[in-house]
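Okay, so here's the structure we're looking at.
The values are calculated or read from the model by the stated rules, or taken from the named source; none is laboratory data. Everything numeric in this text was worked out from a predicted model, so none of it was measured. So basically every Cβ, Gly included, is an ideal-geometry build from the backbone, and we count neighbours across all protein chains shown.
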Amino acid sequence: MKSMSATMRRVWRRAIAVVCAVACVFAVSACGSSDEEGKIRIGIKFDQPGLGFKKSGTYVGFDVDVARYVAQELGYSEDQIIWKEAPSKQREAMLQNGDVDMILATYSITDSRKNAVSFAGPYFVAGQDLLVRRDDTSIKGPEDLNGKRLCSVTGSTSATTVKEKFANEVQLMEQPGYAECATALFSGIVDAVTTDDIILAGLASASRGKLKVVGKPFTQEYYGVGIKKGNKAFAKKINAAIAKMIKDGSWERAVKDNTRGTGYTPNAKYNPPKPTEGE
Ligand code: GLU
């Protein structure tokens with residue numbers, strides 16, 4: 001009696017698995033053949049002014065401009081681009097799952113990320129810095145962080161760097177995005193926000209003078225185009241597009257257009273970089 005019911009359970013489990021597999025195949029083919037055919041899906045940030053920002057249904061920022069240029073070079077017009085939000089923590093998984101074809105989202109090229117994904121680029125070099133309230137004179141650089149409360153984003157190199165370099169002296173609060181960190185800084189929950197200088201410049205500018213960038217970068221962040229692991233041919237095409245963008249002046253224009261009024265200028269020692277990654 002006992003063994004009979006165990007067998008039955010096995011049979012049932014089997015049957016359910018088969019039904020699920022069939023249902024999945026139908027679901028996937030239904031999705032694939034609809035509105036994504038012939039289009040390129042690009043992951044960007046939606047909440048980083050100056051980089052990747054969703055503004056009443058349109059997308060603006062430096063990452064968006066680079067993405068548009070690259071897509072165009074790959075043969076996709078504007079209306080063939082599907083923009084998807086790629087929060088810091090979800091980028092590797094989105095590429096691994098095939099949710100997007102490429103990610104341009106202030107995405108630093110790192111060895112640990114290269115275990116999961118590949119990169120083309122770099123197309124920009126930023127540096128990790130600090131954002132504080134306008135009236136704060138106590139934080140002039142990373143050497144002043146003892147006893148301070150910091151905010152950064154889960155899954156970012158910025159949070160990892162804090163844990164590696166300042167673990168014993170600071171309290172780190174992690175949020176899903178930098179806009180949430182800026183809010184925590186406004187309200188006094190933290191003393192500083194830390195991430196790449198170009199991101200902080202956009203947030204400071206959006207705060208209309210309430211927040212300021214400290215201006216002492218302490219890392220180099222090489223922004224890459226995240227792609228599925230091992231796709232060397234794709235990396236090569238993207239690199240050629242970036243090189244062309246730099247050469248024809250569009251890169252310079254995109255930097256200027258998207259940082260205007262923020263007081264930010266890219267570090268000329270590293271910019272523009274040579275896009276040779278991933279080939
Ligand atoms: N560039 C850093 C990173 O890739 C920080 C910016 C971000 O979270 O997108 O993690």
Q: Look at region 65-118 and say how many of its residues are more than 11 Å from the ligand (Cβ to nearest atom), outside any helix (DSSP H, G or I) and touching a residue at least 60 places away in the same chain (Cβ under 8 Å).
A: 7
Q: Select from region 179-199 the residues that are assigned to a loop (DSSP other than H, G, I, E, B) and surrounded by fewer than 18 Cβ atoms within 10 Å (Cβ to Cβ) and list them in ascending order.
A: SER187, GLY188, ILE189
Q: Scan GLY202, GLY155 and give me the residue that is at pLDDT 95 or above, crowded, with 19+ Cβ neighbours inside 10 Å, within 12 Å of the ligand (Cβ to nearest atom) and not in a strand (DSSP E or B).
A: GLY202
Q.
Quick check on my filter: what residues within region 175-199 are within 16 Å of the ligand (Cβ to nearest atom), among the acidic types (Asp, Glu) and farther than 14 Å from THR259 by Cα?
A. GLU180
Q | Pairs with Cβ under 7 Å, 6+ apart, first in region 243-267 and without any contact (Cβ under 8 Å) to a residue 40 or more places away in the chain and part of a helix (DSSP H, G or I), second crowded, with 19+ Cβ neighbours inside 10 Å and hydrophobic (A, V, I, L, M, F, W, C) | A | none
(Q) Restricting to region 107-145, name every residue that is over 22 Å from LEU51 (Cα atoms), of a type in the set (Ser, Thr, Tyr) and in contact with a Ser or Thr (Cβ under 9 Å, 6 or more places away or on another chain). (A) SER112
**Q.** Among (1) within 13 Å of the chain's Cα centre (by Cα); (2) more than 18 Å from TYR178 (Cβ to Cβ); (3) buried (at least 19 other Cβ atoms within 10 Å of the Cβ) - the single one GLY61 does not satisfy
**A.** (2)
